[in-house]
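First comes the structure, then the notes that go with it.
The values are calculated or read from the model by the stated rules, or taken from the named source; none is laboratory data. Worth saying up front: this structure is predicted, and the values here are computed from it rather than measured. Reconstructed Cβ throughout: ideal geometry from the backbone, glycine too, with neighbour counts over all protein chains shown.
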Amino acid sequence: MANQRVVIDPITRIEGHLRVEVEVDENNVVQKAYSSSTLWRGIELILKNRDPRDAGLMAQRICGVCTYSHYRAGIECVEDALGVVPPYNAQLVRSILNESLYMHDHVVHFYHLHGLDWVDVVSALSADPKKASELAFQYADLPIATGTDELTAVQRKVAGFVEKGQLGPFANAYWGNKTYKFSPEQNLIALSHYLKALEVQRTAAQMFAIFGAKQPHGQTLVVGGVTSIRDMLSPARLAEWKTKYEIVKDFIDRAYYADVVMAAEAYGSEPSVLGGLGVKNFMASEEMMLNRTEKLFQGGFIKDGDLSKVFDVDETKIKEDVTHAWYEGKEPLQPYDGETIQNYTGFIDGDTVNGKAKVIDPNEKYTWVKAPRYDNQSVEVGPLSCLLVNYARGNEKVKKEVGDFLARTGLPVGALFTTLGRTAARMLQTKLISDNAITTFNSLIENLKTDDSTYTKFEIDPEKEYMGRFIGEVPRGVLSHWVRIKNGVIDNYQAVVPTTWNAGPIDKNGQVGPYEASLIGLKLEDPKKPLEVIRVIHSFDPCMACSVHVIDIKGQELSQYKVNPLASGAAC
Amino acid sequence: MNGFNSMFEKATERIRILSSLEPTQKESIETMLDKKGYDRRDFMKWAASITAMLSLPSQFTPLFADAAKLADRLPLIWLHMAECTGCSEAFIRSDAPTVDSLIFEHISLEYHETLMAAAGWQAEENLEHAMKKYEGKYILLVEGGVPTAMNGMYLTLGAQAKTGLSLVQEAAEKAAAIFSIGTCASFGGIQAAAPNPTGAKGVDKVVGKPVINVPGCPPSAANIVGTLMHFLLFGTLPALDRYSRPKWAYGNRIHDLCERRGHFDAGEFVESFGDDGAKEGWCLYKQGCKGPYTFNNCSTERFNQHVNWPIGAGHGCMGCSEPNFWDTMGPLEKPLDSYLVKGLNKTVDNIGTALLSATVLGIGAHAVASIFMNNNDESEG
């Protein structure tokens, strides 16, 4: 029997618009996989000719989920170009904002975006709340939101939905799929945390807003510094941040950590989450300023899964390939020279397990996302890459955290190289950040005793040309923004974002990217309900709006856009 | 209360009609709130706050309470177009009062790609099913601009690769009301900024029906909920301004109720970010604050449960709830009258029509006068 095509569009519970297609053989094992981004917005093209000081606020609108990431990148690439160094206070506040963002973003991802891939809501209804309450103590010394009364209330709430057949956002999912491995009691615990996390994430967003004005889409960074000086100088505001920080950290320690330990136990022998890693090259960037001399994470590149060697990242080896992306162009190009012509070819008619549909023609172009390559190779970025690079670098904090987790769950190091490992790495990264964010905060308090500067003045000389970039780690992995400034305005702008690295299509050498590689060999219980595929893809935390963008290097007349737009797709 | 009599009667009648509809949820909202630990007093307090926010007399409070109890009669469909999901993120932050999010939970959220458990064919099924079952009854909320260039192919959705444009038109056709959530759905937003490569437009430009705009980048959850509440209660569109924004939320300039307004009037301005004026909380007009040209309730509502807002945090307003603000308000950190646009000459022509109404000119004159008044104290900066 010929392979059958499975089309999943939309992939829900992500940022943006993503289609995934797989071909399964007669045993429902995935032979081929294709990932396609189906939205294009053109934000870098829009940035052209703007005041460089506007780059941050505009670039931030690339994504409202990792919101602050593109804001900071947009501000700091311009600072790099102009040679502006913001005061130490401003650097610390930016780091605190980044830590606050991670504590929000990863919690929301695990519970509200990824959670329902692991938790069978319907199964939770048959749980015994008392047993579940006792069970929670196996995973945390002091569990949170798992008292018998609370669990009973949660159960009743969901029972109401189910009875009525009116599941709202929980309707028509893959409940009952055999690869759901939690017991009813475990499902109930996780479901209670799903609801609790809705509360906690609001507090995490408030943490950000104290120094960031609002969340999503903060508004306190400017080229040269930060503006929230009154919030920094107010002891009441500082204490408010600390209080909220403690609430969120508490949830991470007592619920998030515990639930991932529980998942490791329940899913430790479930084959569909023990693969999911096809590309074994990993990249990470230095990040999280703790004080003048120390950063929490280091950067580097790991090749072929060999943890005995970590290379420094050489940015000239980053190139983007458009063979299967909706742009014209032949050779892979370094981002600064990236020049492509938009060329949408759409989908073709085809048969799928669900009947006729529009499908990807893998011999043609099939996505708005380009295929970035490092030294001609596919690379995975994200929390797992960050932990692996730091583990291999001998970062003591990371080694201890990873070691403790493996000891606690009894999993071997190899278990990290899986879908489950990717999900666990995100939690461990959150834990490391939440444990250490207080150091950054204390550094700020210490410095404020003698220094209240928050802004460095600068000038943009319209006669001069400038070039600069930002490279840093954001919740979904390595992010870089590149800018050229001429005549006092933005001459060229480009963002190379994490989801581009992970979600890109096949390149000219036939190499697939991390998403596509991660699905090969995956066995599906029921190709019409491809939960397994969604779980693997969600473990990367897709962010599609980030991953599609455009540049216009030649400086064509903007009005000629329709004729021959210049474009370059990369992704977050 | 005189002018409100007919409104009150209309609302009472509306409640009567809603009460006769079949509920979509089994459990009443009161039971649900009770289980969550909110008593009737909390609930009435919330209803009172909504009433005040909508600038209605307190006699309306019990009606809002009744309307909220009936909220589960309204199925919601939330579509994502060309967007960043920031509005959905703002929406899940909503909790002050916490009842907001509970109302949403209790409303039948039939389709929302960021939150729904289903994916792929099953997700599409949910959408088709909801559009059929609740034909003419559901509220359509749209997040994101609608790409129209290349026949809308810059965004396709679902296994049949329908364009976002055709999907939003189809869903609008059968909706009882349409709300554009955020500046992108309202006016096209960031992707519609010059040169608008994808031909992105606001929803009202592509559907042949009235649309209520709830702009902001993102808008506050309170504004979204208030707009829904108004529809529930009156069954009609709220009083709208010329950009179809509900007047109760977008009727005042940021500047009018700004906490730094006194400094503007006194001619006390931040001359440079981080200066002594910045530490004192002086006016940000000279740092490009667009509060005088922007209609929204941020000065009073703030964000993230009133924790903070851009002007509070020392950065000016950038005018994000105004049409085409990316083109008409930039550079965002410079006052409008202080620069010559380089490279955006096409769009600068639009500034006149978009902004310089007589009122705003008045404000500008006031600002200029204040600046002159303060000239003697310039040395402070």
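Brief remarks follow.
- Taken together, the residues in the range A:23-48 that are farther than 27 Å from A:CYS66 by Cβ and either in a loop (DSSP other than H, G, I, E, B) or of a type in the set (A, V, I, L, M, F, W, C) (or both) amount to 7.
- Test: B:PHE264 is touching a Phe, Trp or Tyr at 6+ places or on another chain (Cβ under 9 Å), assigned by TED's automatic domain parsing to the domain that holds B:GLY316 and in a loop (DSSP other than H, G, I, E, B): no
- Any hit, the range A:230-247, residues being of a type outside the set (Phe, Trp, Tyr) and under 21 Å from the mean Cα position of the chain (by Cα): no
- Residues satisfying the stated conditions in the range A:223-260, i.e. closer than 19 Å to A:ASP451 by Cα and not in a helix (DSSP H, G or I): A:GLY224, A:GLY225, A:VAL226, A:THR227, A:SER228, A:SER234
- Taken over the range A:473-524, the residue count meeting the criterion of being within 14 Å of chain B (Cβ to nearest Cβ) and in a strand (DSSP E or B) is 9.
- Options B:VAL207, B:VAL225: the member that is among the β-branched types (Val, Ile, Thr), part of a helix (DSSP H, G or I) and in contact (Cβ under 8 Å) with a residue 12 or more places away in the chain: B:VAL225
- Note on the range A:1-22: residues that are in a loop (DSSP other than H, G, I, E, B), over 30 Å from A:ILE490 (Cβ atoms) and facing another protein chain (nearest Cβ under 7 Å) total 5.
- Restricting attention to the range A:53-93, the residues that are touching a Leu at 6+ places or on another chain (Cβ under 8 Å) and either crowded, with 24+ Cβ neighbours inside 10 Å or farther than 20 Å from B:GLY274 by Cβ (or both) add up to 18.
- In the range A:35-58, the residues that are out of contact with any helix residue (DSSP H, G or I) (no Cβ under 6 Å at 6 or more places or on another chain) and farther than 30 Å from A:ILE460 by Cβ: A:SER36, A:THR38, A:LEU39, A:TRP40
- Among (1) assigned to a loop (DSSP other than H, G, I, E, B); (2) under 17 Å from A:SER234 (Cβ atoms); (3) more than 10 Å from chain A (Cβ to nearest Cβ) - the single one B:GLY277 does not satisfy: (1)
- Note on the range B:260-270: among residues that are surrounded by 15 or more Cβ atoms within 10 Å (Cβ to Cβ) and of a type in the set (D, E, K, R), the one that is farthest from the other protein chains (Cβ to nearest Cβ) is B:ARG261.
- A:ASN28 more than 7 Å from chain B (Cβ to nearest Cβ), surrounded by fewer than 24 Cβ atoms within 10 Å (Cβ to Cβ) and of a type outside the set (D, E, K, R): yes
- Against the conditions (1) in a helix (DSSP H, G or I); (2) under 30 Å from A:ALA205 (Cα atoms); (3) modelled with pLDDT of 95 or more, B:HIS230 satisfies every one except (3).
- When B:GLY319, B:GLY343 are checked against the criterion of being at pLDDT 85 or above and part of a loop (DSSP other than H, G, I, E, B), a single residue qualifies: B:GLY319.
- Verdict on A:PHE458 being more than 29 Å from B:GLU271 (Cβ to Cβ), touching a residue at least 60 places away in the same chain (Cβ under 8 Å) and out of contact with any strand residue (DSSP E or B) (no Cβ under 6 Å at 6 or more places or on another chain): no
- Whichever residue in the range A:119-157 is buried (at least 20 other Cβ atoms within 10 Å of the Cβ) and at pLDDT below 95 and, among such residues, is farthest from the other protein chains (Cβ to nearest Cβ): A:ALA124
- Here A:ASP507, A:ASP491 are screened, and the one residue that is buried (at least 24 other Cβ atoms within 10 Å of the Cβ) and charged (D, E, K, R) is A:ASP507.
- Of all residues making up the range B:256-282, the number that are touching a residue at least 24 places away in the same chain (Cβ under 8 Å), of a type outside the set (Asp, Glu) and on the phi < 0 side of the Ramachandran plot: 11
- Subset of the range B:280-297 (residues that are touching a helix residue (DSSP H, G or I) at 6+ places or on another chain (Cβ under 6 Å) and not in a loop (DSSP other than H, G, I, E, B)): B:CYS283, B:TYR285, B:GLY291, B:PRO292, B:TYR293, B:PHE295
- Of all the residues in the range A:261-314, those that are surrounded by 21 or more Cβ atoms within 10 Å (Cβ to Cβ) and part of a helix (DSSP H, G or I) number 6.
- Some residue of the range A:208-231 being over 25 Å from B:CYS320 (Cα atoms) and surrounded by fewer than 24 Cβ atoms within 10 Å (Cβ to Cβ): no
- Matching residues in the range A:382-402 - criterion: being surrounded by fewer than 24 Cβ atoms within 10 Å (Cβ to Cβ) and part of a loop (DSSP other than H, G, I, E, B): A:GLY394, A:ASN395
- Evaluating A:GLU240 against the criteria (1) under 26 Å from B:SER94 (Cα atoms); (2) buried (at least 24 other Cβ atoms within 10 Å of the Cβ) leaves one unmet condition, (2).
- All conditions but one from (1) out of contact with any strand residue (DSSP E or B) (no Cβ under 6 Å at 6 or more places or on another chain); (2) at pLDDT below 95 apply to A:LYS399; the one that does not is (2).
- The listed residue being surrounded by fewer than 22 Cβ atoms within 10 Å (Cβ to Cβ), modelled with pLDDT of 90 or more and within 27 Å of the chain's Cα centre (by Cα), out of B:LEU257, B:LEU332: B:LEU257
- Given (1) in contact (Cβ under 8 Å) with a residue 60 or more places away in the chain; (2) at positive phi, index of the condition A:GLY275 fails: (2)
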